[in-house]
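Trainee: Below you will find the structure I want to go over with you.
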Amino acid sequence: MSIGRFGWKANQPNLMQQVASAFNGDIGITTGLLPDQNCTSAQIDCEQAIDGGQPEISDDDFLKVVLYSAALAVPAQRNPDDPMVQRGYALFIEAQCATCHVPTLQTGIHPTIPGFSHQTIHPYTNLLLHDMGEGLADNRPDFEASGTEWRTPPLWGIGLFETVNKHTYYLHDGRARNLAEAILWHGGEAEASREAFRMMSAEQRSALIAFLKSL
């Protein structure tokens with residue numbers, strides 16, 4: 001057992017395991033870390049399918065992908081001095097969104113890349129699991145995460161979500177068509193913040209959304 005940091009339900013403890021799981025579960029490529037095909041006992045054809053070697057990606061290439069993922073730069077905030085963005089940030093704090101979407105964290109000691117150590121970052125997450133209520137539940141426990149629990153997703157870069165993905169479907173299953181809907185789907189431990197947003201004036205909601213789009 002280990003503390004999770006990656007994945008919708010924080011089921012992966014480190015980036016290396018997250019990348020290996022993505023290779024294995026999403027595109028069916030085995031690695032030295034996860035050398036078996038992602039087949040159940042009932043999937044006979046899957047088990048007997050021709051593979052690309054054991055493992056299918058070399059350790060050297062696998063580690064390059066891990067390094068690439070670790071070293072990706074975070075986009076800088078846009079228009080931080082815009083009065084509307086600043087007003088939105090104040091409302092973000094006032095609604096207690098920052099209780100879970102923590103603006104600032106300090107990194108620890110990276111085991112292999114000193115430049116990653118002791119960095120002040122602004123991910124807008126606490127990387128913890130929270131019960132988000134029945135409305136967002138998938139009723140699918142994952143390790144010790146229940147069917148209603150989700151890891152707080154980082155908000156940095158969310159303002160470029162549409163630019164990168166060419167759509168605006170948010171949350172784990174894309175049910176929210178925009179940021180306002182994503183907020184209004186919050187429940188459980190986030191219900192008070194959701195209600196604070198719901199009770200805001202149209203101008204206040206626009207300001208908070210403008211702040212999110214600046215990240």
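Trainee: When residue 118 is evaluated against the numbered criteria (1) in a loop (DSSP other than H, G, I, E, B); (2) closer than 17 Å to residue 4 by Cβ; (3) at pLDDT 95 or above, which criterion, by number, is the only one it fails?
Mentor: For residue 118, the failing item is (2).
Trainee: Among the residues of the range 36-54, is there at least one that is touching a residue at least 24 places away in the same chain (Cβ under 8 Å), in contact with a Phe, Trp or Tyr (Cβ under 9 Å, 6 or more places away or on another chain), part of a loop (DSSP other than H, G, I, E, B) and over 19 Å from residue 6 (Cα atoms)?
Mentor: No: zero hits.
Trainee: Identify the residue in the range 174-215 that is of a type in the set (Phe, Trp, Tyr) and closer than 16 Å to residue 93 by Cβ and, among all such residues, is surrounded by the fewest Cβ atoms within 10 Å (Cβ to Cβ).
Mentor: Among them, the one singled out is 197.
Trainee: Another question, then. Please pick out the residue among 57, 50 that is under 18 Å from residue 29 (Cβ atoms), outside the structural domain of residue 176 (by TED's automatic domain parsing), surrounded by fewer than 12 Cβ atoms within 10 Å (Cβ to Cβ) and out of contact with any Lys or Arg (no Cβ under 8 Å at 6 or more places or on another chain).
Mentor: On the way: 57 fails: surrounded by fewer than 12 Cβ atoms within 10 Å (Cβ to Cβ).
Only one candidate qualifies: 50.
Trainee: Among the listed residues 149, 134, identify the single one that is closer than 22 Å to residue 10 by Cα, surrounded by fewer than 12 Cβ atoms within 10 Å (Cβ to Cβ) and either touching a residue at least 40 places away in the same chain (Cβ under 8 Å) or of a type in the set (Ser, Thr, Tyr) (or both).
Mentor: So the residue among 149, 134 that is closer than 22 Å to residue 10 by Cα, surrounded by fewer than 12 Cβ atoms within 10 Å (Cβ to Cβ) and either touching a residue at least 40 places away in the same chain (Cβ under 8 Å) or of a type in the set (Ser, Thr, Tyr) (or both) is 134.
Trainee: Can I ask one more? Hey, among 186, 172, 167, 122, which residue is touching a helix residue (DSSP H, G or I) at 6+ places or on another chain (Cβ under 7 Å) and on the phi < 0 side of the Ramachandran plot? Before the answer, list the steps.
Mentor: Values: 172 fails: touching a helix residue (DSSP H, G or I) at 6+ places or on another chain (Cβ under 7 Å); 167 fails: touching a helix residue (DSSP H, G or I) at 6+ places or on another chain (Cβ under 7 Å); 122 fails: touching a helix residue (DSSP H, G or I) at 6+ places or on another chain (Cβ under 7 Å).
That would be 186, the only listed residue that is touching a helix residue (DSSP H, G or I) at 6+ places or on another chain (Cβ under 7 Å) and on the phi < 0 side of the Ramachandran plot.
Trainee: Okay, moving on. List the residue pairs whose Cβ atoms are under 6 Å apart, where the first residue sits in the range 153-165 and is under 17 Å from residue 206 (Cβ atoms), the second is in a helix (DSSP H, G or I) and among the basic types (Lys, Arg), and the two are 6 or more positions apart or on different chains.
Mentor: 159/213
Trainee: Could you pull out the residue among 68, 89 that is out of contact with any Lys or Arg (no Cβ under 6 Å at 6 or more places or on another chain), assigned to a helix (DSSP H, G or I), modelled with pLDDT of 95 or more and exposed (fewer than 15 other Cβ atoms within 10 Å of the Cβ)?
Mentor: Being out of contact with any Lys or Arg (no Cβ under 6 Å at 6 or more places or on another chain), assigned to a helix (DSSP H, G or I), modelled with pLDDT of 95 or more and exposed (fewer than 15 other Cβ atoms within 10 Å of the Cβ) holds for just one of 68, 89, which is 68.
Trainee: Can you name every residue in the range 13-34 that is more than 23 Å from residue 111 (Cβ to Cβ) and surrounded by fewer than 16 Cβ atoms within 10 Å (Cβ to Cβ)?
Mentor: Residues satisfying the conditions are 25, 26, 27, 28.
The values are calculated or read from the model by the stated rules, or taken from the named source; none is laboratory data. Everything numeric in this text was worked out from a predicted model, so none of it was measured. Glycine also receives a Cβ, built like all others from the backbone with ideal geometry; neighbour counts cover every protein chain displayed.
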